Each structure stands twice: as C-alpha cells, then as structure tokens.
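K.L.:
I am attaching a structure below and will ask some questions about it afterwards.
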Amino acid sequence: MFSGQPVPDAARLVFYRPDFYGAWAKKFTHDAMRGPSAWPVADRELMAAFVSKVNESAFCIGAHTATAGQAYQDGAKVRAVLSDVESAPIDDGLRATLRMLGNLTRAGTIGVEDMREVLSTGVTRRQVEDALAVCAAFNTTDRLADAFGFELLSPAGFEAGAKYLLKRGYR
C-alpha cells in the first residue's frame with residue numbers, strides 16, 4: 001500500500017530488475033527532480049506534467065499535475081499552463097522553457113533559435129541543462145507508462161502519490 005492507496009505501476013517498474021533499469025532510473029529522475037537547481041521543485045514538476053501532456057501520457061499527466069499543484073499550492077495555475085502555456089500566469093522564462101521542452105518532445109530536436117529564445121528571458125545555461133534533464137526523464141517515463149499501460153489512479157491516489165513524491169522524492 002502507498003499512503004493507503006495501491007502501489008502505482010510506476011513504483012513497481014523501478015523495483016523490477018533494479019540492476020537493469022530501476023536503480024538508474026530512480027537516481028536519474030531524483031537528481032533531475034530534486035537535485036540542486038535554480039528551478040524550484042514546483043517548476044520541475046510542472047515541466048514533468050507539461051512534457052507528459054505533450055506525450056499524451058495519461059498516468060504521468062495525472063501524477064505530475066497533482067504533484068505540481070501541491071508543490072505550488074495552486075492547482076488552478078497548473079491546469080492553466082497545461083491548457084494554454086501562452087496565456088498561463090507564469091513568468092516568461094518558464095514559459096519559454098516549457099515551449100522549448102514541448103518542441104523537443106514533439107520534434108525530437110531543437111534549434112539555435114529555440115535556445116536563444118529561452119536564454120533571452122534570463123534563464124541560465126545551467127537551468128536549460130536542468131530542464132533538459134527533466135525532459136529526458138519524463139520522455140522515458142511517459143513512454144514506459146504507455147508501453148506498460150500503467151493503471152490510472154483515482155484522484156485520491158494521485159494526490160497521495162503527489163504527497164509522497166514531495167516528501168520523499170524519487171528514491
């Protein structure tokens with residue numbers, strides 16, 4: 001049980017063959033999502049939700065929408081970003097970064113102009129690297145969630161998972 005809820009498939013996946021996938025995935029994802037960064041945890045969780053939305057990965061959208069909402073203490077803000085990043089109440093640096101992550105996720109590549117746009121908003125090169133790490137982690141996780149058909153949780157299940165992730169991270 002997971003905070004009174006069944007263990008989500010995402011957790012089961014990292015426990016299966018930890019030497020092959022699980023241990024690496026937990027470390028990489030934890031470092032991307034909770035390691036040192038100028039991006040606060042809430043922004044990184046929003047990035048995970050946004051990448052998952054672009055990938056149309058229902059499990060990961062639910063999980064990281066709930067986690068970002070709790071981290072910001074503002075679920076409406078998260079829903080606004082996922083609905084329309086251009087009109088959402090976020091700063092220009094985060095907006096440009098999300099736009100770049102969306103382009104990368106859809107096309108599999110980004111160009112110099114994408115990077116110039118992000119950097120022109122005051123986002124640092126290190127923040128770009130950190131955002132790309134979040135994108136890499138969730139492009140992988142989204143595909144695995146869809147390939148293995150992760151079971152969708154109830155709203156209460158997603159909220160319990162979010163509470164767990166905010167307390168313990170991805171270890």
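K.L.:
Can you name every residue in the range 104-120 that is hydroxyl-bearing (S, T, Y), loosely packed, with under 15 Cβ neighbours inside 10 Å and in a helix (DSSP H, G or I)?
P.N.:
Taking the range 104-120 as the starting set, the residues that turn out to be hydroxyl-bearing (S, T, Y) are 105, 109, 120.
Next, from what is left, pick out any that are loosely packed, with under 15 Cβ neighbours inside 10 Å: 109, 120.
S120, the sole residue that qualifies.
K.L.:
For the range 156-171, how many residues meet the condition of being open to solvent by 40 Å² or more (accessible area, probe 1.4 Å), touching a residue at least 60 places away in the same chain (Cβ under 8 Å) and not acidic (D, E)?
P.N.:
Going residue by residue through the range 156-171, those that are open to solvent by 40 Å² or more (accessible area, probe 1.4 Å) are 156, 159, 163-164, 166-168, 171.
Filter once more, keeping what is touching a residue at least 60 places away in the same chain (Cβ under 8 Å): 156, 159, 163-164, 166, 171.
Still in the running and not acidic (D, E): 156, 163-164, 166, 171.
Qualifying residue count, the range 156-171: 5.
K.L.:
Only one of (1) in a helix (DSSP H, G or I); (2) buried (at least 20 other Cβ atoms within 10 Å of the Cβ) is not met by V123, so which one is it?
P.N.:
(1)
K.L.:
Checking the structure you have, find out if any residue of the range 52-60 is within 12 Å of the chain's Cα centre (by Cα), under 21 Å from L153 (Cβ atoms), of a type in the set (D, E, K, R) and assigned to a helix (DSSP H, G or I).
P.N.:
yes
The values are calculated or read from the model by the stated rules, or taken from the named source; none is laboratory data. Since we're looking at a predicted model, the values are computed, not measured. Quick reminder, even Gly has a Cβ in these numbers, built from the backbone with ideal geometry, and neighbours come from all protein chains shown. Side chains included, ligands, DNA and RNA excluded: accessible areas come from the protein's heavy atoms. Shrake-Rupley method; radii C 1.70, N 1.55, O 1.52, S 1.80 Å.
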